[in-house]
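Q: Take a look at this one; I'll ask things after.
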Amino acid sequence: MQMTNALPRRRRVLIAAVLAGAGLVGGSAAPALAADGEITYTLHTEANPTADQQDAYDKITAAVNAAVTRYNNLSDLTKELNVYYAPGVPTAEGNGNGDLRFGENRSYMSERTALHEIAHTLGVNQSGGWSSNCSTGTWTGPNVNALIKSWDGDSATISCGGGHFWPYGLNYDNEWSEQNADRHVLIVAAMKADGM
């Protein structure tokens, strides 16, 4: 298999290890090669938070800590995030400048949502590379296609549109599992390798 040369060697080796069968086993095991991601975040808080704000801060912190830990353990992606509690946001949202905002609905203050929104900050629906690889409604990049086929068979593809991808996009709660969360991170890393 041909890996993209623009990708740092460590990520090429990580993805190659996953493709070679040294990766996820049983859904929760980490790849054989340790990754060294550097996604960090700052939670912007009020100096004297209300009870509602403090409760939101606690839930957001738990969700983002879990998501950042997973990204950093399974990839070598880097990003500085600014995280906010923004009650006017209906669910949650992330954008390419690194802003991540959670609305007041506590059901979205979860690791699944944080993983999904961090993917937006990394380029999902936010970059020219996303647009070019997703122009047909099916991801065209070779790294993503090799991963999805290694997991789901030779006919498997990643569909994309409306700013999201599936499977493994973690777009809804019913898509959550430890295996799917790990695969989500690996797909996002492969998307970056494909030029996202």
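Q: May I ask you to evaluate 6.51 cos²θ - 1.76 cosθ + 1.60, the Karplus curve with θ = phi - 60°, for each residue of the stretch 169-175 and list the ³J(HN,Hα) values in order in whole Hz, giving x for glycine and proline?
A: Rounded to whole hertz, the list is x, 6, 6, 9, 4, 5, 8.
Q: Expected output is a single nm value to one decimal: the length gained when fully extending between THR50 and GLU104, i.e. 0.36 nm times separation in residues minus the C-alpha distance. What is it?
A: Full-extension gain reported as 18.1 nm.
Q: Next question. In the full protein assembly as shown, how much of GLU117 is accessible to a 1.4 Å probe, in Å² to the nearest 10?
A: Here the accessible area works out near 20 Å².
Q: OK, next. Expected output is a single nm value to one decimal: the length gained when fully extending between TRP166 and ASN95, i.e. 0.36 nm times separation in residues minus the C-alpha distance. What is it?
A: 23.7 nm
Q: Sticking with this one: Arrange the peptides 162-171, 51-60 so that the one whose residues have, on average, the most other Cβ atoms within 10 Å appears first.
A: 162-171, 51-60
Q: Taking a ≥ b ≥ c as the square roots of the eigenvalues of the Cα gyration tensor of the stretch 123-185, is the shape rounded (a/c under 1.5), prolate (a/b larger than b/c) or oblate?
A: Judged from the Cα gyration tensor, the stretch 123-185 comes out oblate (a/c at least 1.5, b/c at or above a/b).
Q: In addition: Place the peptides 178-186, 149-157, 130-138, 73-81 in order of packing, highest mean first, counting for every residue the other Cβ atoms within 10 Å and averaging per peptide.
A: Working: 178-186: 21.1, 149-157: 12.3, 130-138: 15.7, 73-81: 19.3.
Descending packing order for the listed peptides: 178-186, 73-81, 130-138, 149-157.
Q: What are the ³J(HN,Hα) values, in whole Hz, obtained from phi via the Karplus relation 6.51 cos²θ - 1.76 cosθ + 1.60 with θ = phi - 60°, for each residue of the stretch 55-65 in sequence order, with x given for Gly and Pro?
A: 4, 5, 4, 5, 5, 5, 4, 4, 5, 6, 4
The values are calculated or read from the model by the stated rules, or taken from the named source; none is laboratory data. Predicted model, so just to flag it, every value in this text is computed and none were measured. When we count neighbours, we look across all protein chains shown, and the Cβ atoms used for this are built from the backbone with ideal geometry, even at glycine. Quick note on the areas: whole protein, heavy atoms, side chains included, nothing else; ligands and nucleic acids left out. Shrake-Rupley method; radii C 1.70, N 1.55, O 1.52, S 1.80 Å.
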